[in-house]
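Each value in this text was obtained by applying a stated rule to the coordinates, not by laboratory testing. On a predicted model such as this, the values are computed, not experimentally measured, just so you know. Cβ placement follows ideal geometry from the backbone for every residue including glycine, while neighbour counts extend to all protein chains displayed.
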Amino acid sequence: MGRRRCRATGALPQAIATLSRSLPAGPSPEIFRRAKFDRPEAAPVLWQLLFRVLAPPAADSTWSSLAPEAQAQVVKSALHSLGYPRPVLAQFPEGSRELLLALSWLLARGPLLEQLLDKTRVQLGDQLPQFEALGSLGPPVLHVETEGPMDLRRVQWLMGKLRFRWRHLISSQQEQCTLLGKIHLYTSGCHSHQNLGHLSVTETEMLRDPESSQQLLQALECENTRLEAALEWRCCELVFWQWMDTVLDACPVEGPSVASQPTVLPMISEHGLGELELIEQELQALQEELQEVAESRRAAWEAQVRGLGRGPEWGTTRKALQESVERELAALQGSWEQSSRSDQLHRPHRLVRSKEGAPGPQGLRAAEVIRMLSAQEACLKRMLHQLQSQCQQELARLSGTLPDLIWILAPRH
Amino acid sequence: MSIVTVQLGQCGNQIGFEVFDSLFSDSHCSQGLCSKRENEAYQASCKERFFREEKNGIPIARAVLVDMEPKVINQTLSKAAQASRWKYGQHACFCQKQGSGNNWAYGYSMHGPRHEESIMNLIQKEVEKCDSLSGFFVIMSMAGGTGSGLGAFITQKLQDQYSNSLKMNQIIWPYGTGEVIVQNYNSILTLSHLYRSSDAFLIHENDVVHKICAKRMNIKQISFSNINQVLAHQLGSVFQPTYSSEGSFHYRRNPLGDLMEHLVPHPEFKMLGVRNIPQMSENSLAYSTFTWAGLLKHLRQMLISNAKMEEGINWQVRPPLSGLPPLGKMSVNKELHFNTSIANLVILRGKDVLSADVEAFKDPALYTSWLEPVDAFSVWKTQRAFNKYEKCAALVSNSQFLVKPLDMIVGKAWNMFASKAYIHQYTKFGIEEEDFLDSFTLLEQVVASYCNV
């Protein structure tokens with residue numbers, strides 16, 4: 001026991017140091033130690049770190065100017081929406097031990113380090129804009145309450161403004177495309193890398209302005225440090241998880257509410273089949289549940305349908321129903337395939353202009369991307385159309401309940 | 001960001017020329033009252049928007065000229081070539097040998113489809129020469145056949161092909177006692193079609209500009225050239241470069257987009273009127289000085305009393321006091337009424353502009369109940385003087401300015417329609433009575449929306 005602890009004591013600070021080197025603005029090992037003992041001075045640093053990790057990437061500049069209390073609010077709601085099982089974190093600014101547990105939960109549940117490193121990658125090439133996954137959960141939104149009923153015209157006004165800004169965005173993107181095309185054209189033949197053939201904006205900037213190349217170099221070195229730390233971390237993280245077990249034990253025993261919740265804290269102490277068996281069992285249970293529900297619904301439907309006649313009308317109706325169901329199913333399957341195939345789009349890609357017919361090594365061709373995007377667009381349009389007709393039906397139903405209301409549809413242009 | 005202008009018909013081409021000329025003269029004017037560097041930035045901004053470079057250095061207007069008769073286009077081209085300070089693109093015009101006979105239906109149903117491909121090709125070529133396209137100006141009149149009918153058709157095609165670009169139609173509102181008998185038919189058909197495909201109408205009334213020439217500029221024999229120059233001055237004072245935001249000294253990149261976002265986001269309210277001040281000929285400029293306070297006071301009263309000119313403003317009209325019930329729904333027949341605004345944009349150019357105080361325009365009583373002044377009012381400024389005017393102010397307003405003229409035109413057209421006068425000339429070319437009825441419905445709706453504001 002003693003010998004093990006002796007070895008662990010040396011390895012632990014190193015492991016924690018590695019972890020903090022790989023995190024953006026990672027706290028010192030001392031902070032971790034203090035957090036274990038729930039010391040208040042460790043809390044603000046950990047709140048900030050969690051905010052950096054959880055805040056939506058696109059809104060970094062505005063969100064980083066939020067007050068610490070507001071940042072804590074964002075952290076709490078993000079953790080909640082991710083399914084963090086422990087009871088709501090203590091009031092800001094205390095509770096450093098809980099914060100430490102939250103951080104390690106995030107580390108354990110998903111490829112957190114990889115995601116963070118990806119967010120802050122240094123890009124040398126011109127990137128394809130990142131496409132959001134269909135139906136992905138957005139970041140936690142702060143709700144704004146409206147003060148009382150609003151005139152419809154004001155809403156229409158605001159919608160119109162939004163549309164204008166949208167169109168402006170598209171024009172700006174088109175402008176960016178044109179200018180990128182020009183840069184690629186003018187610098188063709190300048191790149192040392194055979195496959196690329198021309199410079200990107202960053203590279204052109206480096207040539208024009210040596211100062212910026214220094215900055216780029218620094219950024220690259222910084223990223224390298226973090227990558228090395230992340231690799232090291234993979235080797236020595238076991239020590240960290242053993243230590244986290246002790247942190248969990250150090251928590252005061254909570255009321256029965258905690259015990260009743262299924263402990264999803266996946267302190268991964270051993271990889272392997274144990275996990276897989278669990279998943280298999282869960283899937284089987286889910287399948288049985290689905291079968292039960294499907295059976296009962298089918299039975300109910302049969303009972304309903306038995307009453308209807310079997311005349312020729314029924315035959316045609318049934319055929320029409322079958323066809324529409326098949327169509328819907330095909331559409332669903334289609335959209336499922338789309339989203340799985342279009343995963344490729346979500347990885348970062350460098351834009352390269354090449355001669356037609358030239359053997360492209362790896363990567364997507366523009367035509368393929370356009371095809372995928374068109375398919376996604378068609379799918380979204382179908383969804384929109386469906387939602388619109390649902391809305392119309394609902395409105396028609398509502399207007400039917402008011403006896404003196406005449407329903408005039410706006411003309412379709 | 002660049003704007004491509006489409007000049008349609010006799011009116012469109014004549015005015016288009018004056019507009020480009022005015023923009024060019026102003027940007028190369030030596031009396032800009034600002035530093036050399038600022039002047040260069042102003043020039044560059046104006047140039048990017050309206051002109052493009054050619055090898056030998058003479059700027060080329062970003063314009064496409066379209067007419068069904070060759071006469072006016074040839075005149076326009078030769079005028080530009082003569083002055084030789086700027087010119088039109090060599091292959092930027094399209095004309096035929098026959099006119100449209102002041103028949104909207106002929107312009108829309110015959111000329112339109114027949115020449116669609118050629119005209120859209122010309123426009124496409126011009127668009128390709130822009131690094132970034134902000135949108136289109138379509139200059140046209142409402143009363144004739146080519147400008148109005150073909151103009152409506154082309155705007156629709158622009159909407160189909162360039163749905164993300166902005167479209168502003170500069171519409172010349174005909175004289176009330178105009179020469180064309182069917183001008184009211186042409187007008188209502190044009191407006192109703194444009195309402196569906198254009199983003200904004202900037203409306204210039206011939207009667208108003210004529211009066212300005214007569215009373216303020218003391219021109220004895222008023223020709224179309226005089227009128228067009230006043231128009232061009234108004235447009236120039238709106239679209240020449242201005243600073244992008246309060247306290248910035250960079251020129252805004254997309255005035256068309258910013259203007260539309262501030263003034264016409266609501267789909268029912270698209271009609272804009274322009275007022276500018278001072279309205280006097282350049283010759284009298286040297287003898288007058290103005291203060292911003294005086295100019296803005298007059299401009300504000302012009303807005304609320306629906307005055308067209310700087311003189312004869314009715315100072316009796318006052319905004320309704322808050323707390324009292326609103327001054328009843330506006331009746332089109334009342335003489336003394338208050339012009340409620342939906343949104344306003346004031347553009348100030350010249351000396352000491354940063355000290356100009358526009359607080360009076362932010363009075364909530366000027367605006368509708370459903371928009372706050374902070375949303376409804378914007379102001380653009382630049383220190384650089386426009387066209388040698390030491391100080392000048394322009395107002396682009398989305399307000400009840402045009403309700404009365406519109407109502408009058410609709411009324412007259414309806415009277416003619418009720419007796420089926422001249423309808424056969426339209427049905428001959430595919431415009432049915434139902435199309436007329438649709439137009440009446442849409443425009444009545446527009447009038448009602450503006451009245452109930």
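For segment B:163-237, a/c is not less than 1.5, where a ≥ b ≥ c are the root eigenvalues of the C-alpha gyration tensor, and a/b does not top b/c. That puts it in the oblate class. In segment B:17-59, whose amide N lies under 19 Å from the spot 7 Å out along Cα-to-Cβ of B:Asp131? List them in ranges. Counting only backbone N, you get B:38-59.
Comparing B:Gln161, B:Ile172, B:Tyr185 along the charge dipole axis of segment B:154-216, the residue lying farthest to the positive side is B:Ile172, per the Cβ-charge model.
Considering only A:Ala72, A:Ala396, B:Ser30, and ranking their Cα positions along the charge dipole of the protein assembly as shown that arises from unit charges at the beta-carbon of Lys, Arg, Asp and Glu, the one farthest toward the positive end is B:Ser30. Give the shape of chain B as rounded, prolate or oblate, defined through the alpha-carbon gyration tensor: a ≥ b ≥ c are the square roots of its eigenvalues, a/c under 1.5 means rounded, and otherwise the shape is prolate if a/b is larger than b/c and oblate if not. Here chain B falls in the oblate category. A straight line joining the Cα centroids of segment B:116-164 and segment B:271-304 runs 33 Å. At an R0 of 22 angstrom, the distance between the Cβ atoms of B:Leu285 and B:His28 translates into a FRET efficiency of 0.75. Once C-alpha pairs closer than 8 Å and six or more residues apart are averaged by separation and normalised to the residue number of chain B, the relative contact order reads 18 percent.
The C-alpha atoms of segment B:1-64 occupy a region whose extents along the principal axes are 40, 25, 22 Å, arranged from largest to smallest.
Contact order for segment B:98-187, expressed relative to its length and based on alpha carbon pairs under 8 Å spaced 6+ residues apart, stands at 40 percent.
Taking a Cβ cut-off of under 14 Å around B:Trp173, the surrounding Lys, Arg, Asp and Glu residues balance to a net charge of +1, with basic ones at +1 and acidic ones at -1. Projecting the Cα positions of B:Gln425, B:Ile203, B:Phe436 onto the charge dipole of chain B (unit charges on Cβ atoms of Lys, Arg, Asp and Glu, taken about the Cα centre) puts B:Ile203 furthest along the positive direction.
Altogether, the Stokes-Einstein calculation at 20 °C and 1.002 mPa s, with the Kirkwood radius of segment A:155-215 over Cα pairs as Rh, returns a diffusion coefficient of 152 µm²/s. Enter the Cα centre distance for the pair segment B:1-29 and segment A:186-212, rounded to the nearest angstrom. Segment B:1-29 and segment A:186-212 have Cα centres separated by 41 Å. Here the spin labels are modelled as points 7 Å beyond Cα on the Cα-Cβ line, and at B:Val317 and A:Glu328 they lie 5.8 nm apart. Would you please state the base-10 log of I(q)/I(0) at q = 0.17, 0.18 1/Å for segment B:269-311, with intensities from the Debye formula using one equal scatterer on every alpha carbon? One equal scatterer on each Cα of segment B:269-311 leads to -0.54, -0.59. Take the Cα of A:Leu179, step 7 Å toward its Cβ, do the same at A:Ile370, and the gap between the two points is 2.4 nm. Computed over segment B:1-127, the Cα gyration tensor eigenvalues convert (square root of 5λ each) into semi-axes of 31, 14, 12 Å, ordered from largest to smallest.
Here chain B is assigned +1 on the Cβ of each Lys and Arg and -1 on the Cβ of each Asp and Glu. Its dipole about the Cα centre then comes out at about 1040 debye. Charge dipole (Cα centre; +1 on Lys/Arg Cβ, -1 on Asp/Glu Cβ; no other charges) of segment B:67-174 amounts to roughly 340 debye. Gain on full extension, evaluated as 0.36 nm per residue between A:Glu223 and A:Gln123 minus their Cα-Cα distance, stands at 34.9 nm. Each Cα pair under 8 Å and six or more residues apart adds its sequence gap; the mean of these over the residue count of segment B:45-170 is a relative contact order of 24 percent.
Classify the protein assembly as shown as rounded, prolate or oblate from the Cα gyration tensor: take a ≥ b ≥ c as the square roots of its eigenvalues, call it rounded if a/c is under 1.5, otherwise prolate when a/b beats b/c and oblate if not. It comes out prolate by the Cα gyration axes. Taking amide H as placed 1.01 Å from N in the peptide plane, B:Glu310 has no amide H partner under 5 Å among residues 5 or more places away or on another chain. Taking every alpha-carbon pair within segment A:198-252, the share separated by more than 16 Å comes to 64 percent.
Dipole magnitude for the protein assembly as shown: about 2180 debye, using +1 per Lys or Arg Cβ and -1 per Asp or Glu Cβ, origin at the Cα centre. Between A:Cys379 and A:Arg397, the simple label model (points 7 Å from Cα in the Cβ direction) yields a spacing of 2.8 nm. Distance between the C-alpha centres of segment B:183-214 and segment B:221-254: 19 Å, rounded to the whole angstrom.
Computed from phi, the 3J(HN,Hα) profile of segment B:94-104 under the Karplus parametrisation 6.51, -1.76, 1.60 (θ = phi - 60°) reads 10, 8, 10, 9, 10, x, 10, x, 6, 10, 4 Hz, with x in place of Gly and Pro.
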